[in-house]
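Scroll down for the structure; my scribbles are underneath it.
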Amino acid sequence: MTALRRPTPADAMVDPGSVTAVHQFLPALLPGDAVGMHTLQVQAALREVGLDSEIFCEAIHHQLEGSGHHFSEFGRYAKGSVLLYQFATGSVLADEVFARPEPLVVDYHNITPAEFFRRWDPAVANAMAWARAQLALLAPRSAIGVGDSSYNEAELVEVGYRRTGVVPILLDLEAMSAEVDGDARARLQEAKQDGGADWLFVGRLAPNKAQHDLIKALYAYREAYDPRARLYLVGRRATDSYYEALTGFAVRLGVTDAVRIREGVSGGELAAHYSTADVLVSVSEHEGFCVPPLEAMRHDLPVVAYAAGAVPETVGDAGLLLARKDPSTVAASVNRVLSDDVLRQRLIGAGRRRLGDFSLESSKRKLVEALAPVTGVSG
């Protein structure tokens, strides 16, 4: 870890008239990653209002080669710039931006509390605790802290950020309707030929996402309503130990064939899952924004979700939100959505309307306005 200088009040003093660029920093620029895609959309929004904007990272995926620079190259771009740090994980890059003299803005996407991972992977838990410490460390150094939900903004206020705002993740909703992988869709439709509803969950296989509770709920649903129902868990594993526990749990409940884990899916394969599923179900215990419900709405897929973290803020009235997530409650709620066509169509219609609140142009305007105190540029 680099040695850090003590922040001074001058760190938060900004002369917007001297700002010509807002350059972004994030640990890794990855395809299909919500924060990475947000970063690219932020860059486009800043350039549209006449500000220079480059992206600086520790690592860039080969599919995005040319989209950013290694952070060691920043020196020649520094003049007249504000730093915009995309904060979603612990990184030595946070120490680097802390030590820079340029004005700093933190765009906070939430850090999962370490307690969720302590029993599964202490190293991951320690990394999360480190990230939370870095978030607090950057507070006195930052001119503005931006959360992509009010839930995230509240955490910024709690750790000492003085000026805060809310800007949703910048989403290209049209891209969410990317061409469906025909072969993947055919395979999923073939699996439905014998009947049974398809539940879908999209997100990392992680303790805070609580896929173990989804498996319990699926078991209850199969026992009470639909013995042929299936659950698709689409996302990469966060730790091997939790993944192994999930698969072992499915074996013990006798639902191995019904719980289908898909890691490393392409955009087209993901679209195939959304287009063939019957319902998106989430019982996650901690979410700082939660993009999958919006992806589901884009595909006219109804949403049933436990009302934790920022989920109610994201979903609004466009999903069936649950105050409890015991297996029988989740199972009964899913059955209600799938058996009541009036309710299902109401949720689909509400989802289409809800997407308007997260349109790319609207979110771009909110971003530009949130940064105006340091850039002098308004939307």
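For residue 142, the criteria (1) surrounded by 17 or more Cβ atoms within 10 Å (Cβ to Cβ); (2) under 30 Å from residue 355 (Cβ atoms); (3) of a type outside the set (A, V, I, L, M) hold in every case but one, which is (2). Comparison of 154, 191, 217 shows that the only residue that is under 25 Å from residue 113 (Cα atoms) and in the same structural domain as residue 281 (by TED's automatic domain parsing) is 217. Of all residues in region 259-270, those that are of a type outside the set (Val, Ile, Thr), surrounded by fewer than 23 Cβ atoms within 10 Å (Cβ to Cβ) and not in a strand (DSSP E or B) total 6. Residues in region 317-362 that are acidic (Asp, Glu) and not in a loop (DSSP other than H, G, I, E, B): 341, 357, 361.
Filter region 345-365 for residues that are of a type in the set (Lys, Arg) and buried (at least 18 other Cβ atoms within 10 Å of the Cβ); which is farthest from residue 196 (Cα to Cα)? That would be 364. Among all positions in region 157-173, there is at least one residue which is under 30 Å from residue 336 (Cα atoms), out of contact with any Asp or Glu (no Cβ under 8 Å at 6 or more places or on another chain) and either at pLDDT 95 or above or surrounded by fewer than 20 Cβ atoms within 10 Å (Cβ to Cβ) (or both). Restricting the first member to region 23-37 and to residues that are within 14 Å of residue 85 (Cβ to Cβ), and the second to residues that are surrounded by fewer than 18 Cβ atoms within 10 Å (Cβ to Cβ) and of a type in the set (Ser, Thr, Tyr), the beta-carbon pairs closer than 7 Å and six or more apart or on different chains are 23/77; 29/67.
Listed here are the residues, each with its yes/no results for (1) closer than 18 Å to residue 147 by Cα; (2) of a type in the set (A, V, I, L, M, F, W, C); (3) in the same structural domain as residue 370 (by TED's automatic domain parsing).
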position	(1), (2), (3)
45	yes, yes, yes
48	no, no, yes
71	no, yes, yes
89	yes, no, yes
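Across region 212-243, the qualifying residues are those that are acidic (Asp, Glu) and within 24 Å of the chain's Cα centre (by Cα), and the one among them that is surrounded by the fewest Cβ atoms within 10 Å (Cβ to Cβ) is 240. Looking for something modelled with pLDDT of 95 or more, closer than 28 Å to residue 31 by Cα and touching a strand residue (DSSP E or B) at 6+ places or on another chain (Cβ under 7 Å) - is there at least one such residue anywhere in region 321-333? For region 321-333, residues modelled with pLDDT of 95 or more, closer than 28 Å to residue 31 by Cα and touching a strand residue (DSSP E or B) at 6+ places or on another chain (Cβ under 7 Å): absent. For residue 287, which of the numbered conditions (1) over 16 Å from the mean Cα position of the chain (by Cα); (2) part of a loop (DSSP other than H, G, I, E, B); (3) within 29 Å of residue 30 (Cβ to Cβ) fails to hold? Residue 287 satisfies all of (1) over 16 Å from the mean Cα position of the chain (by Cα); (2) part of a loop (DSSP other than H, G, I, E, B); (3) within 29 Å of residue 30 (Cβ to Cβ) except (1).
The values are calculated or read from the model by the stated rules, or taken from the named source; none is laboratory data. The model shown is predicted, which means the values in this text are computed figures rather than measured ones. Here the Cβ is made from the backbone with ideal geometry for all residues, glycine too, and neighbour counts use every protein chain on show.
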